[in-house]
Amino acid sequence: MTTTLRCASCGSELPATSPRSDCPCGGLLDALQCPRETGAVLRARFDRRLRDGDPPVEGSGVWRFRELLLPGRGPVLFHPEGNTRLYRREAVARWAGLRDLALKHEGENPTGSFKDRGMTVAVTQAVRAGASAVACASTGNTSASMAAYAAQAGCEVALESVGG
């Protein structure tokens, strides 16, 4: 799958690894993915990766879908994240009036936050785009996750605490 960044205003295209979120004209960039493979082929690949493991990102519940996340090949930062367990809870299902209910425990991610799922992609993209530092404003979960992935990448971190 290839990805192109195209300006919604003027139609200009930028490389998919561009660090920009807007066009030089001021318009927003759309990430357009051009599939080279059918959904059935991709689904079979994703299922195989789950079943057999996927070195070098074995255990990542995010990067087994890498064709849908970032264009091209390159190193990825992972801890591994995702693939958190589902817990079946019959009593909660009954209370909610459901036949079945599964709860996902996102605290099982490496930093204890569901933010790891997105931050693995965000910091990987920052590194691919040549960033030496990353920044965010956060009440806690986002900054903890970003700092963990940035440390792995050797990037400087700038955090701004908001709220709380």
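Within region 131-156, which residues are open to solvent by 60 Å² or more (accessible area, probe 1.4 Å) and outside any helix (DSSP H, G or I)?
SER132, ALA135, ALA137, THR139, GLY154, GLU156
When you look at PRO75, is it open to solvent by 70 Å² or more (accessible area, probe 1.4 Å) and closer than 22 Å to THR17 by Cα, yes or no?
Judged against the criteria, PRO75 is a match.
Kindly evaluate SER60 against the criterion of being closer than 21 Å to TYR149 by Cβ, in contact (Cβ under 8 Å) with a residue 40 or more places away in the chain, open to solvent by less than 70 Å² (accessible area, probe 1.4 Å) and hydroxyl-bearing (Ser, Thr, Tyr).
Judged against the criteria, SER60 is a match.
Would you confirm whether or not region 30-37 contains a residue that is under 25 Å from VAL123 (Cβ atoms), modelled with pLDDT of 90 or more and open to solvent by 50 Å² or more (accessible area, probe 1.4 Å)?
No: region 30-37 contains no residue that is under 25 Å from VAL123 (Cβ atoms), modelled with pLDDT of 90 or more and open to solvent by 50 Å² or more (accessible area, probe 1.4 Å).
Which one is farthest from the chain's Cα centre (by Cα) among residues in region 16-29 that are closer than 23 Å to VAL123 by Cβ and open to solvent by 80 Å² or more (accessible area, probe 1.4 Å)?
LEU28
Determine the pairs where a residue that is farther than 17 Å from THR84 by Cβ and open to solvent by less than 40 Å² (accessible area, probe 1.4 Å), located within region 100-128, has a partner that is assigned to a helix (DSSP H, G or I) and at pLDDT 90 or above with Cβ atoms under 6 Å apart, the partner being 6 or more residues away or on another chain.
VAL123/TYR149; VAL123/ALA150; VAL123/ALA153
Can you name every residue in region 112-144 that is within 15 Å of the chain's Cα centre (by Cα), among the aliphatic types (A, V, I, L, M) and under 12 Å from PRO19 (Cβ atoms)?
ALA122, ALA126, VAL127
Just to be sure I understand, how many residues within region 71-98 are touching a residue at least 24 places away in the same chain (Cβ under 8 Å) and closer than 17 Å to ARG49 by Cα?
Count: 8.
Based on what the data block shows, is GLY118 out of contact with any helix residue (DSSP H, G or I) (no Cβ under 9 Å at 6 or more places or on another chain) and modelled with pLDDT under 95?
In short, no.
The values are calculated or read from the model by the stated rules, or taken from the named source; none is laboratory data. It should be emphasised that the depicted structure is a prediction, and the values quoted were computed from it without experimental measurement. Heads up, the Cβs are rebuilt from the backbone with ideal geometry, glycines too, and the neighbour counts pull from every protein chain shown. Note: areas computed on protein heavy atoms with side chains; ligands, DNA, RNA excluded. Shrake-Rupley method; radii C 1.70, N 1.55, O 1.52, S 1.80 Å.
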